Every structure is written in C-alpha cells, then in structure tokens.
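The following block contains the structure, expressed as structure tokens.
The values are calculated or read from the model by the stated rules, or taken from the named source; none is laboratory data. Bear in mind that the values here come from a model prediction, so they are computed numbers and not experimental data. Please note: Cβ atoms are built from the backbone with ideal geometry, for glycine as well, and neighbour counts cover all protein chains shown. Accessible surface areas use protein heavy atoms only, side chains included; no ligands, DNA or RNA. Shrake-Rupley method; radii C 1.70, N 1.55, O 1.52, S 1.80 Å.
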Amino acid sequence: MAAHQEKKTSEERNHKGTQKDTQTSQVQWGRAWEVDWFSLASILFLLMFAPLIVYYFIMACDQYQCSLTEPLIDLLTGNKHLADIWNSTPTLTYRAAAIYTLWVAFQVVLYVFIPDFCHKFLPGYVGGVQEGAVTPAGVVNKYEINGLQAWLITHVLWFANAYYFHWFSPTIIFDNWIPLLWCANILGYAVSTFAMIKGYFFPTNAKDCKFTGNFFYDYMMGIEFNPRVGKWFDFKLFFNGRPGIVAWTLINLSYAAKQQELYGQVTNSMILVNVLQGIYVLDFFWNEAWYLKTIDICHDHFGWYLGWGDCVWLPYLYTLQGLYLVYHPVQLCTANATGILILGLIGYYIFRTTNHQKDLFRRTDGNCKIWGKKPEYIECSYMSGDGTKYYSKLMTSGFWGWARHFNYTGDLMGSLAYCLTCGFEHILPYFYIVYMTILLTHRCIRDEHRCFSKYGKDWKYYTSAVPYRLIPGVF
C-alpha cells in the first residue's frame, strides 16, 4: 500500500473533530482494546499448550522415532507414565547454555554493531538504514537492515569451521537439540516478560502502547508497538529475523551432517529440504526492507506471541522435516524428487512475484507497469492516532487481482513441498502444512478485519473488486 501524508485542513484542526478521529483510530487500528471471551480462551490455550506441543513433537522424535501416537498409547495403556517420559528427556546443560548464549550474543553484535555493507556491492539489494511504515501514533521508525549480511557472515564461519578450523562438530545443534530447547524457552519467556514490564514503566513510545486491562492478553499480544533499547536495537525486527531465521538454515545443515554421520550419505530428500527452505530464508533476508511493511511489523505489538514464538516455535517446529529425516532417511525416486522441486519452485515464484508486484506498486506510488500495463487500484483514506489523515492505494492488478492474499497461496505450496520430501510413513512432518494453513488463513481474516476497521467503506469497494482471499474461484 502506498501511503502519503495529507496536510490538515482547517476543519481537521478542529480540536473536537481531531479528538474524535483519534479515538476512532485508536479503537480501529492495531490490535484490540477490549478482549472478548473467545480471544481470551484462545490465548489461555496457547499460553498453556503451545510449549507442551513443541516439547511433545521433539520428545516424540527423541524417544519414539517421530511417532506422534506411540507416546499416547504408552500412557493410555500404562506402559509408561509421564514421569518416565520426562525423566528420559535430556536436561539443560552448561554446554547448551554456553552455545546458546554465544549464539544470541553473536547475532546481537552482527545486528547492532556492524552496519550493512552488502547494499554497496549487491545490485538490487536494499540494505542499510531504511524507514518503516507509519505507526498508529504517526511515528516512522528507522531500521538498520543488515540481515543478509548477518546470514552470510554466520554461514561463512559455519562452513569455514566445518572444512578448515574444526572448532566444533557440524552436528553440534542436533547433538544438543533438547538442552538448547530449554535455553530457547528461557530467552523467549525472559524477553516477553521484559517487554511487558517495559511497556508499563519505560516504553519507547507511550502513544503506541495498548493496554486492555487483561494481563494474559497483554502478555500474549504485547503492549508496546515497537519496543527498543538504544537507537537501533528493535525487539520486533531482531527476534522476527534473528536469531531464529538465521538459525533455520544452520539447523538444517546440522541435520544433514548428522545424516552423513549416521548413514554415510545425505539423502536427496534432505538436500531438497535444505535447498527449498534455504531459498525461503535467503528471500526473507534479501527482502528484509520489504518486510518492514508486513503485518508483523506494521500491526503486531511485541509480546509472547512474537518473543517466545520466534525463539522457540519457529526454530523447533519449522525444521521438523529435517529432524524427521535424521530418524527416517528417505531417498526419493527421480520423478518424485523432481515433482517436489517443481512444486516448491512454483510456490516460491508465486510468493516472490506477488510480493514484488506489491512492493513495486508501493515504491512507485502506482506509477509502474504490472504484467505490461498500468496497475489498477482503489484509493483509501485513514486516520493515524495523532489525527493526521493518510491515503493508501490498494492494487487490484496482477496476482493481487486474482486474490487478496495470493502471496500466501505461494507460501502454502512451498510448505507442502517441504512436507512431501518426507514421504507418508508418519504424520509428524506434515504438521507444518497444517499449521501454516491455519496460520495464514487466520492471518487473512485478522488482516482484513484490521483493514475494514482502518479503511471502512473503501475496504468494501476493494473486496468487491477482488472477491477471493487465497484461491481464485474457491476461497
């Protein structure tokens, strides 16, 4: 959406009118002020069971060869008790704590203290200091975009160690996987709790804080919009992108190294997982500046949902395919491997092209060509929290004319390809496509609720022009 500021007219400077607009904006833009019973029940469920879900999946692989049903059968038949399973689970170790502390500290150094240089020699890459979107309070934050640089430095050092220095084994992540889980949980809860305390007592921008009065909702969804320490350490950008997503490809490489150690070879399914998920991760960092305009940065406050989720949920459940393939190596036939690769690449093409069309449209304020012709759009207006009026253009051309979230459709195709690499013996690796379908469908609905509240009748015009969310003609 290409937004530009409109100077206030004399009518808009009227105190009562501005006050009314501000109140309306505060209710409508961003997450909810008031919590309904369904939202509260959902949040309590996630707070209680999301950590258990992660533990269950990782434990199932460690103790039951990735079977999700056998632990339940053992418990229901009395063959094992919860205490037996818990006592067989590796505990937190000093080694894991040292590894995790060094890892996070290293990513903080790369994020805060090394300005981006990649944009100086990589054509087309946008890095360095970039502006984010306008916040509900009318603030425009600046960010140091250097994620691609951090990823490159990290992986150069990883391969240098694997083939030259030999400081540690390439299987180090897999070998300490469950002890590292406890470290990730400690950080996730610590940063989420700190963010909530900070929101109450020393927020970065008090006007961008939201308090519902419900402790659990505020803890889960966050109070501060953009909590920061110092000028550049932005909690939301750091934890959304680093350390979890940088680690994603390292985790998969560690799985591949373990497969080589155990079986003397790396299967083509493991290579596919590394390649397809590696493309996704590299795409994220290549387009990190674009990410500043996404729902995570533009709408979500920073709480447990992002803090714990990025520390634990993302690295542990988004990498299940590689973990599964360590326990159950799958060598795909050429036809199946080729089909999965094509599905993943088509999904990536749709995901990238759709996002590129939106980014091009936004950067040029609609003065561009989409599929060889000038794009069509609907112009909308909205108020920020300070009473300033803005305009946005919602594109109805290209893939965005096919469906309102067609980039998610490409994302789901890629997600399915990851899962298909694992064959059909177990359901565990298919958790990812089920989860992503629920997540992205919910995100569609959540985003459209915000847009309707933000744009009002203009949003109705847009949905009439583009009636489908994900699949043209179906949904």
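Averaged per residue, what accessible area in Å² does the chain show with a 1.4 Å probe, protein chains only?
Numbers: 21810 Å² over 475 residues.
On a per-residue basis, the chain sits at 46 Å².
Tally up the carbon and sulfur contribution to the accessible surface of the chain as a whole percent, 1.4 Å probe, everything protein left in place. Let's see the in-between values first.
Numbers: 14150 of 21810 Å².
About 65 percent, which is the carbon plus sulfur part of the accessible surface.
Distance between Cα centroids, the stretch 360-435 to the stretch 151-188: provide it in whole Å.
33
With each label point set 7 Å from Cα along the Cα-Cβ vector, what nm distance links residue 205 and residue 102?
Here the modelled spin labels are 3.8 nm apart.
Can I ask one more? Filter the chymotrypsin sites (Phe, Trp or Tyr not before Pro) in the stretch 418-456 down to the DSSP loop ones having no more than 13 other Cβ atoms within 10 Å, then list what survives. Mind dumping the intermediate values first?
On the way: sites: 418, 424, 430, 431, 432, 435, 452, 455; in loops: 424.
Answer by residue number: 424.
Rank these residues by their accessible area, most exposed first, probe 1.4 Å: 302, 121. Write out the running numbers ahead of the final one.
Details: 302 5, 121 130 Å².
Largest accessible area first, the list is 121, 302.
Also: First select every other residue whose beta carbon is under 14 angstrom from the beta carbon of residue 286; then total the charges, Lys and Arg +1, Asp and Glu -1.
-3
Taking Cα atoms, how many degrees apart are the long axis of helix 94-112 and the longest axis of the chain, rounded to 10 and kept between 0 and 90?
Helix 94-112 and the main axis of the chain meet at about 30 degrees.
At 1.4 Å probe size, with no ligands or nucleic acids counted, give the accessible surface of residue 232 in Å², nearest ten.
Rounded to the nearest 10, the figure is 70 Å².
Continuing with this model, one more query. Summing Lys, Arg as +1 and Asp, Glu as -1, what charge do residues with Cβ under 13 Å from the Cβ of residue 410 carry, residue 410 excluded? Could the numbers behind the result be given before it?
Details: positive: 352, 358; negative: 283, 411.
Taking every Cβ under 13 Å from that of residue 410, the sum is 0.
Are there any trypsin sites (Lys or Arg not before Pro) in the stretch 211-275 that are in a DSSP loop and have at most 14 other Cβ atoms within 10 Å? List them by number. Write down the numbers at each step before the final one.
Details: sites: 228, 231, 236, 258; in loops: 231.
Passing both the DSSP loop test and the Cβ count: 231.
Kindly sort 59, 413 by accessible area of their heavy atoms, largest first, with the probe set to 1.4 Å. Don't skip to the answer; put the middle values down first.
Details: 59 5, 413 50 Å².
Solvent-accessible surface, decreasing: 413, 59.
While we're on this one: What fraction, in whole percent, of alpha-carbon pairs in the stretch 255-303 exceed 14 Å separation?
Details: 765 of 1176 pairs.
In whole percent, the share of Cα-Cα pairs in the stretch 255-303 beyond 14 Å is 65.
Of 445, 350, which has the most accessible area and how do the rest follow, probe 1.4 Å? Spell out each step's value before the answer.
Details: 445 90, 350 20 Å².
Heavy-atom accessible area, descending, gives 445, 350.
Let me ask something else. For semi-axes √(5λ) of the Cα gyration tensor in Å, one of (i) 35, 27, 19; (ii) 38, 26, 23; (iii) 87, 34, 20 was computed from the structure I shared and the rest are decoys. Which label?
Of the listed options (i) 35, 27, 19; (ii) 38, 26, 23; (iii) 87, 34, 20, (ii) comes from this structure.
Grab the DSSP H runs of the chain that are 4 residues or longer, score each as -39,500 (n - 2.57), total them, divide by all residues and round the 222 nm result to the nearest 500 deg cm²/dmol.
Details: 22 runs with 279 residues, N = 475.
So the helix-based figure for the chain works out to -18500 deg cm²/dmol.
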